[in-house]
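Read-outs: derived from the displayed coordinates by stated rules, not from any lab. Bear in mind that the values here come from a model prediction, so they are computed numbers and not experimental data.
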Amino acid sequence: MSKATSDVTDGLILQAFDEQGSAKATLSDKRGLSASIPEILGAIAIGVVVLATTGFGIAAGYNYSQDSSAKSLLESVKSAQTLYQSKNQTFGALTDLTSGTPAALDGNPTNVAITADTTDYCAVSKSGSMGGTEYWITAKSGTIVTLQPTAAQAGVTCPTLP
């Protein structure tokens with residue numbers, strides 16, 4: 001029984017491709033490929049959902065990486081301030097941290113600002129993410145926050161970025 005079914009199925013498949021203009025005949029024949037409007041709209045909807053999900057994932061990954069980079073820069077500032085303070089008995093401004101041999105802070109970051117005096121410092125870094133979140137760190141707390149600390153909380157007036 002299964003052999004007869006197999007022969008019939010193979011015969012139908014071969015017959016469809018043996019006709020003249022086989023691709024056209026296959027697409028237009030009721031036994032060939034067919035698509036209805038609901039099937040087409042469903043396929044388009046699935047495609048849109050897949051593209052939207054991919055776009056959202058890429059945007060979220062980009063924002064996360066930019067925010068992490070801004071926080072990492074502040075952690076570098078914290079380490080550089082510790083090194084600079086141990087050598088000079090005062091905290092340093094951005095130019096103090098990036099100059100000298102070896103420099104306490106590598107490069108010349110443009111998305112960071114620092115206010116410092118002998119006992120305290122406050123630093124801000126702006127994320128390159130779509131939201132442009134600003135992160136703050138002070139000598140007193142040593143933790144990264146998203147709200148600008150007051151002068152009383154930081155010990156110095158915290159800088160701002162444009």
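Ellipsoid fit via the Cα gyration tensor, the range 37-154: semi-axes of 43, 15, 9 Å, each the root of five times an eigenvalue, largest first.
For the range 37-154, the relative contact order is 21 percent, taking Cα pairs closer than 8 Å that sit 6 or more residues apart in sequence and dividing their mean separation by the residue count. The convex hull drawn around the Cα atoms of the range 118-162, when projected onto a plane and averaged over every direction, covers 3.2 nm².
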